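Notes follow once the structure below has been shown.
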Amino acid sequence: MEERVQQVIDRVKELLAPILEEGGFELVDVEFQKEPVGWVLRIYADRPQGGITISDCQWISERIGTLLDVEDVIPHAYHLEVSSPGLDRPLKTQRDFERHRGVVVKIKTHEPMDNQRNFKGAVVSTSERGVTVHDVSRNADVEIPYDNIKSARVDIDSLFNK
């Protein structure tokens, strides 16, 4: 089942690319999972400058919904949701971290690094291999490889407590 879910996500991303490009949006994430209401296809999109509005989400939803029906990507009932990733959007790519340079982020790793899995600090730099943050608990810069990042998000508290 998990392989089928990934196939749906990959196909949705492929179909979304020209739609998002046309509207000047970028794809943040796609989720496809079974929830209490049934299967949910959740698309997170944003606009690099200025954010995304409800009418933008509706515009994307109408276009991708029609295309998903025509292409018969999901052969069973599902709910389609298109939304903004919000302030605490997940950070996944080098570009995501680069865009948040100087911003405090929280990162959880798959494997411990020097007996530590949770890091919190300002993004200092990025590279092909990973992101460097100034970790507050160590008061030192730490490079965390992208492939060891389990989850990463902006630390919302730090945005409002400056």
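Any residue that is without any contact (Cβ under 8 Å) to a residue 60 or more places away in the chain, farther than 21 Å from residue 29 by Cβ and either open to solvent by 50 Å² or more (accessible area, probe 1.4 Å) or outside any strand (DSSP E or B) (or both) - is there at least one of those in the stretch 142-154? Yes: one or more hits. Across the stretch 21-38, the number of residues qualifying as open to solvent by 40 Å² or more (accessible area, probe 1.4 Å), over 17 Å from residue 63 (Cα atoms) and in a strand (DSSP E or B) comes to 4. Which of the residues that make up the stretch 124-141 are outside any loop (DSSP other than H, G, I, E, B) and either over 22 Å from the mean Cα position of the chain (by Cα) or not polar (S, T, N, Q) (or both)? 124, 130, 131, 133, 134, 135, 140, 141 - these are the residues of the stretch 124-141 that are outside any loop (DSSP other than H, G, I, E, B) and either over 22 Å from the mean Cα position of the chain (by Cα) or not polar (S, T, N, Q) (or both).
Within the stretch 12-33, the set of residues being closer than 16 Å to residue 75 by Cβ and within 17 Å of the chain's Cα centre (by Cα) comprises 12, 32.
Being crowded, with 17+ Cβ neighbours inside 10 Å, without any contact (Cβ under 8 Å) to a residue 24 or more places away in the chain and within 23 Å of residue 26 (Cα to Cα) holds for only one residue in 130, 86, 65, 50, and it is 130.
The values are calculated or read from the model by the stated rules, or taken from the named source; none is laboratory data. Quantities reported herein were computed from a predicted structural model and do not represent experimental measurements. We place every Cβ from the backbone using ideal geometry, glycine too, and count neighbours over all the protein chains shown. Please note that ligands, DNA and RNA were not included when accessible areas were found on the heavy atoms of the full protein model with its side chains. Shrake-Rupley method; radii C 1.70, N 1.55, O 1.52, S 1.80 Å.
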